[in-house]
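Just below is one structure, and these are the notes that go with it.
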Amino acid sequence: MAAVGDLQFEEFGNAAATAAENPGATTISIEGPGESPTHQAGLPRGSGGEEDDELLGNDDSDKTELLAGQKKSSPFWTFEYYQTFFDVDTYQVFDRIKGSLLPIPGKNFVRLYIRSNPDLYGPFWICATLVFAIAISGNLSNFLIHLGEKTYHYVPEFRKVSIAATIIYAYAWLVPLALWGFLMWRNSKVMNIVSYSFLEIVCVYGYSLFIYIPTAVLWIIPQKAVRWILVMIALGVSGSVLAMTFWPAVREDNRRIALATIVTIVLLHTLLSVGCLAYFFDAPEMDHLPTATAAPNQTVAAAKAR
């Protein structure tokens, strides 16, 4: 056995020269504590490695998927499960409202604003605000139309709140549910490039209704021409958001089915707009005081006849 003093360290040639002589070889260098590690491979890292990262993912994507899995691990009957649907800040809500008011041709509303973090906070409060805006504006419109009439007696119609809530929330939930089911059924027959979840569809419908809040307030103006101009503007803006969002999801399908789907979406949206205008504003109920009163002489004559 060799003694400790007989041990000697032998220096080898430059690692770079070795790698040049043997392109297929891999060299490993032991660095000091303060030096950054370097890896020298015979083949440089090129497009093949990048493609592998795209296919296999990297550490950041693995962490993102892990966190996403942790968020969805809560059972649906717990509060934490539904809390994720309202985990959105004010900036995101305002940005999505702005996107619904200013639709950009060629830009997908879901991919641009919703897909990163779909929420129910914005759609819920937009629908709630729209319900009260329609109900209050409808009552004020009824009051202003008959203002100055001596025979008119104003009675607040609180039932308009419940009617408006039923109409708005049924539209904002049942129509997206039906559309989601239809898209899932068509995706099972024709593979579409774009697909949406039920929560994303609810988000699109909820934010598309925001423009009707200022429109409902302006419907107080007692001019039918102004009201119909306002409803056409609101319908054009919100309808274009829906059409441009859902067209990519059906364009790979049969042409007739795709067009029929978009036409149905726009027609249902038109029915909601025109129906709210016609019921809450254009046909106010009249509550007049009784005008037929018996004259004093007729009362006396009737008493004498008895």
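Numbers at a glance
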quantity	calculated
Output for segment 80-99, where each listed residue is farther than 21 Å from ILE213 by Cα and in contact with a Phe, Trp or Tyr (Cβ under 6 Å, 6 or more places away or on another chain)	PHE86, VAL88
Residues satisfying the stated conditions in segment 197-230, i.e. open to solvent by 10 Å² or more (accessible area, probe 1.4 Å), under 19 Å from the mean Cα position of the chain (by Cα) and of a type in the set (A, V, I, L, M)	LEU199, ILE211, ILE213
Filter result for VAL217 (touching a helix residue (DSSP H, G or I) at 6+ places or on another chain (Cβ under 9 Å) and in a loop (DSSP other than H, G, I, E, B))	no
Tally, over segment 91-114, of residues that are on the phi > 0 side of the Ramachandran plot and among the hydroxyl-bearing types (Ser, Thr, Tyr)	0
Long-range neighbours under 8 Å by Cβ, at least six apart or interchain, first residue more than 16 Å from ALA133 (Cα to Cα) and part of a helix (DSSP H, G or I) within segment 161-186, second acidic (Asp, Glu) and open to solvent by less than 30 Å² (accessible area, probe 1.4 Å)	ARG186/ASP253
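The values are calculated or read from the model by the stated rules, or taken from the named source; none is laboratory data. Worth saying up front: this structure is predicted, and the values here are computed from it rather than measured. Here Cβ is always computed from backbone atoms with ideal geometry, including for glycine, and neighbour counts include all displayed protein chains. Accessible surface is based on the protein model in full, side chains and every heavy atom, while ligands, DNA and RNA are left aside. Shrake-Rupley method; radii C 1.70, N 1.55, O 1.52, S 1.80 Å.
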